[in-house]
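Read through the structure below, which is laid out as structure tokens, and then see the notes.
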Amino acid sequence: MKSSGDKLSNIDGKCLCGSDDQKLGKRAIYMVSAWAVENEIVLGQRKVDEKSNEITAIPELLKLLAISGCIVTIDAMGTQTNIAKTILEAHADYVLSVKENQGHLFEDISTLFAVDQAQNFKYASFEYKKDDQQSTWQNRYS
């Protein structure tokens with residue numbers, strides 16, 4: 001599917017209810033899906049290998065999609081260097097979630113925002129874009 005700039009796509013993994021069979025020793029099926037917010041449709045899906053997790057399936061799914069110019073959102077499970085790199089290589093932007101259990105990343109980001117907030121965001125670099133349909137702003141730290 002061809003994208004047009006600044007479209008939002010959510011990437012998320014889910015367990016398919018009823019896909020397990022304990023009697024046969026069959027584990028549940030996990031899928032990673034890309035959801036087009038504006039069109040309200042699934043753009044693509046990738047099954048997560050039984051001996052893996054979403055972290056390996058997300059880059060494979062992203063490589064199947066035309067996400068150039070899109071903003072891709074992923075929950076904290078997908079906040080990985082390799083995934084961010086895959087998105088940037090596709091000429092897209094991302095919003096990745098962070099949780100407190102992610103090593104020093106959460107602490108570093110919290111400190112960065114606390115320092116900027118204490119300075120009333122005086123030194124933070126902002127980009128603002130406005131068109132007929134939407135207004136967006138992005139805060140980019142060097």
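Could you give the nm distance between label points at N53 and C15, where each point is 7 Å from its Cα heading toward the beta carbon?
Once both label points are built, they end up 1.4 nm from each other.
How large is ³J(HN,Hα) for each residue in segment 44-53, as worked out from phi by the Karplus curve 6.51 cos²θ - 1.76 cosθ + 1.60 (θ = phi - 60°), to whole Hz, x for Gly and Pro?
Working through the residues one at a time gives x, 9, 9, 6, 7, 4, 4, 9, 9, 8 Hz.
According to a simple spin-label model (label point 7 Å from Cα along Cα-to-Cβ), what is the distance in nm between K85 and D116?
A separation of 2.5 nm, rounded to one decimal place.
How long are the semi-axes of the equivalent ellipsoid of segment 20-116, taking √(5λ) for every eigenvalue λ of the Cα gyration tensor, in whole Å from largest down?
Output for segment 20-116: semi-axes of 27, 20, 12 Å.
Give, as ranges by residue number, the residues of segment 36-78 whose backbone N falls under 17 Å from the point 7 Å along Cα→Cβ of F106.
What the label zone holds, given the 17 Å backbone N cut-off, is 75-78.
Could you tell me the distance between the Cα centroids of segment 45-124 and segment 15-41, to the nearest Å?
If you average the Cα positions of each part, the centres end up 22 Å apart.
Values quoted throughout were computed directly from the atomic coordinates according to the rules given, and no laboratory measurement underlies them. On a predicted model such as this, the values are computed, not experimentally measured, just so you know. Heads up, the Cβs are rebuilt from the backbone with ideal geometry, glycines too, and the neighbour counts pull from every protein chain shown.
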